[in-house]
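No value in this document is a laboratory result; all are computed from the given coordinates. Given the structure is predicted, the values throughout are model-derived calculations rather than measurements. Every residue, glycine among them, receives a Cβ derived from its backbone with ideal geometry; neighbour counts consider all protein chains shown.
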Amino acid sequence: MSEPTKRDLIGAIKEKGKSLEAEMSFFDHIDVLRKHLLRALLVIVLFTIGAFWFSDFIFNELIMGPKNPNFWTYRMMCKMAAAFPNLIGSDFCITHIDAKIINTEMAGQFTLQINSCIMVGVVLGIPYLLFELWLFIKPALHDNERKSASSFVTFASVLFFLGILFGYYIVCPLSVNFLTGFTVSKEIENTFTISSYLSSISTLTIGSGIIFQLPVIIYILSKFGIMTPAFMRASRRYAVVCILVIAAIVTPTPDIITMLVVALPLFILYEVSIFISANIERKRNKELYGVAKIKK
């Protein structure tokens, strides 16, 4: 075999070795991610099993709470209507919710109990899932990136639970009150299945928790240079329209006060996101200026 042929063969073997090493590295990362996700899943399962011990409280007090006229939100609305009678009409005070919930499936109530506990397990397990994802990403970060993102799990978890509380105590009761009383004809009686009711409660609650992750999403996008504060400020008017549309969809009530109550936290989240993006850009420019100064 000639010398060039040998070199070509050795080069091909080396390139193949590098590709195999890269493939192994990729699959190793996938295996590590799988282990993190399995640990998070185990914690969610444990929370779900623990929720079965409190299934009566979860169903009667939590799931059915927004349907109860004595719910905290409705009592606060009545107090506000009494304190500001000229500003807020008497319709703002909710003392009765006319809604009949039925079960149409043989295993419906058993499934309801399981789904309720799973929902609670997922909500309680989200912070640990974020923690496992942080452990997976952490080794790939530089020291300065680790320091700046060290509070990621805490910040994201706090925002998630704030969103959960907002969805449960504000969005859910307002939506339940409106949707249960809305009719297109007096000939049609509103009777809801328990699966439909649970689906609405869980979607509105968990959906609010996800929406409250907007600052976290903006933080990540700003880190990659995809989002800038200048773009967000220029798009503020469009963001206001989108937020009002979201508030109108989430709380399909005819009064403007209810819509603004839902929209206000979203406005605040957007402004906080602009501040976060501006802070990241300021740090990036400072680092670039420092590097340029050293080169000079």
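The string of couplings for the range 123-131 from the Karplus curve (6.51, -1.76, 1.60, θ = phi - 60°) is 4, 6, x, 4, x, 5, 4, 5, 5 Hz, one whole number per residue in order, with x for Gly and Pro.
Calculated FRET efficiency, Lys223 to Ile102, Cβ-Cβ distance, R0 = 51 Å: about 0.55 to the nearest 0.05.
By count of other Cβ within 10 Å, fewest leading, how are Cys242, Cys117 ordered?
The most exposed by this proxy come first: Cys242, Cys117.
Per-residue 3J(HN,Hα) values for the range 228-243, derived from phi via the Karplus relation 6.51 cos²θ - 1.76 cosθ + 1.60 with θ = phi - 60°, read 10, x, 4, 5, 5, 5, 5, 9, 4, 5, 6, 5, 4, 5, 4, 5 Hz in sequence order (x marks Gly and Pro).
Taking the fewest neighbouring Cβ atoms within 10 Å as the starting point, the ordered list for Leu133, Leu37, Leu204 is Leu37, Leu133, Leu204. With K and R counted +1 and D and E -1, the other residues having a Cβ less than 12 Å from that of Thr183 yield a net charge of -2. Summarising the amide proton neighbourhood of Thr193: residues at separation of 5 or more, or on other chains, whose placed amide H is nearer than 5 Å comprise Ile102.
Exceedance of the 29 Å cut-off in Cα-Cα distance is limited, within the set Lys35/Lys283; Lys138/Lys283; Lys79/Lys186, to Lys35/Lys283; Lys79/Lys186.
Here the gap between Glu271 and Asp31, fully extended at 0.36 nm per residue and compared with their Cα-Cα distance, gives a gain of 82.5 nm.
Note down the net charge around Ala99, summing +1 for each Lys or Arg and -1 for each Asp or Glu among other residues with Cβ under 14 Å from its Cβ. Net local charge, Ala99 excluded: 0. Need one number: nm distance between label points at Trp53 and Glu281, each 7 Å from Cα along Cα→Cβ, rounded to one decimal. Output for this residue pair reads 5.1 nm.
Extension gain, Arg39 to Phe192: 0.36 nm times the residue separation minus the Cα-Cα distance gives 51.3 nm. Evaluating 6.51 cos²θ - 1.76 cosθ + 1.60 at θ = phi - 60° for every residue in the range 40-45, the Karplus couplings come out as 5, 5, 4, 5, 4, 4 Hz, glycine and proline recorded as x.
Would you mind ranking Val176, Val32 by Cβ crowding within 10 Å, fewest neighbours first?
Val32, Val176
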